[in-house]
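Written out below as structure tokens is the structure these notes cover.
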Amino acid sequence: MWVFGYGSLIWKVDFPYEEKMVGRILGYSRRFWQGSTDHRGVPGKPGRVVTLVEDPEGCVWGVAYRLPAGQECEVKAYLDFREKGGYRTTTVIFYPKDASVEPFDVLLYIGTCDNPNYLGPAPLEEIAEQIFNAVGPSGRNTEYLFELADAVRNLVPEDVDEHLFSLEKLVKELLEKRQNLNCLQNN
């Protein structure tokens, strides 16, 4: 069994796997439209994490992990718990970056618009502000954003995930403003 990671599963791999492969899925776009009250935010002040939205022109790069033989059920149960905040699973076709490898099916965790933590679209500036301010049991929401942007940039330098990289830029500008404000207040 293979599982596709497109968010924290790319950079926070805390489960056993036998093999991993960079590649993409088609028909979706990655969006910070899923609320997080259990990892990157808290109830009443959710963070924002990624989910996938159907998009006929979309393409999402990520990493597929082959779960260890004989441990699939155990690892999937762990991932089901980790992704419990409104995600369901579906199966999609994965296209490896290495064109010599045939496409194959992967399990995908997706936060659909009917789950209780779904926040949906908002102006990028609002999403950036929410990410900038949110903190949860797993840490600052900004860390999630920056780790994901760095991981995607390193794995697939040719990927132009406009939503992800625009948010990264906006949040870095907010951090810079806060640092400048702190400098002014301390002088």
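The values are calculated or read from the model by the stated rules, or taken from the named source; none is laboratory data. Since this is a predicted model, take the numbers as computed values, not measurements. With ideal geometry, Cβ positions are generated from the backbone for all residues, glycine too; neighbour counts draw on all protein chains shown. Quick note on the areas: whole protein, heavy atoms, side chains included, nothing else; ligands and nucleic acids left out. Shrake-Rupley method; radii C 1.70, N 1.55, O 1.52, S 1.80 Å.
A few comments on the model shown:
- Set GLY27, GLY70, GLY35: member being at positive phi and in a strand (DSSP E or B): GLY27
- Any chance TYR95 is within 15 Å of the chain's Cα centre (by Cα), closer than 27 Å to GLU168 by Cβ, aromatic (Phe, Trp, Tyr) and outside any helix (DSSP H, G or I): no
- Verdict on LYS84 being within 27 Å of ILE131 (Cα to Cα) and in contact (Cβ under 8 Å) with a residue 24 or more places away in the chain: yes
- All conditions but one from (1) closer than 26 Å to TRP2 by Cα; (2) open to solvent by 70 Å² or more (accessible area, probe 1.4 Å); (3) in contact with a strand residue (DSSP E or B) (Cβ under 9 Å, 6 or more places away or on another chain) apply to VAL160; the one that does not is (3).
- Within the range 90-107, the residues that satisfy the criterion of being open to solvent by less than 60 Å² (accessible area, probe 1.4 Å) and out of contact with any Gly (no Cβ under 9 Å at 6 or more places or on another chain) are THR90, PHE104, LEU107.
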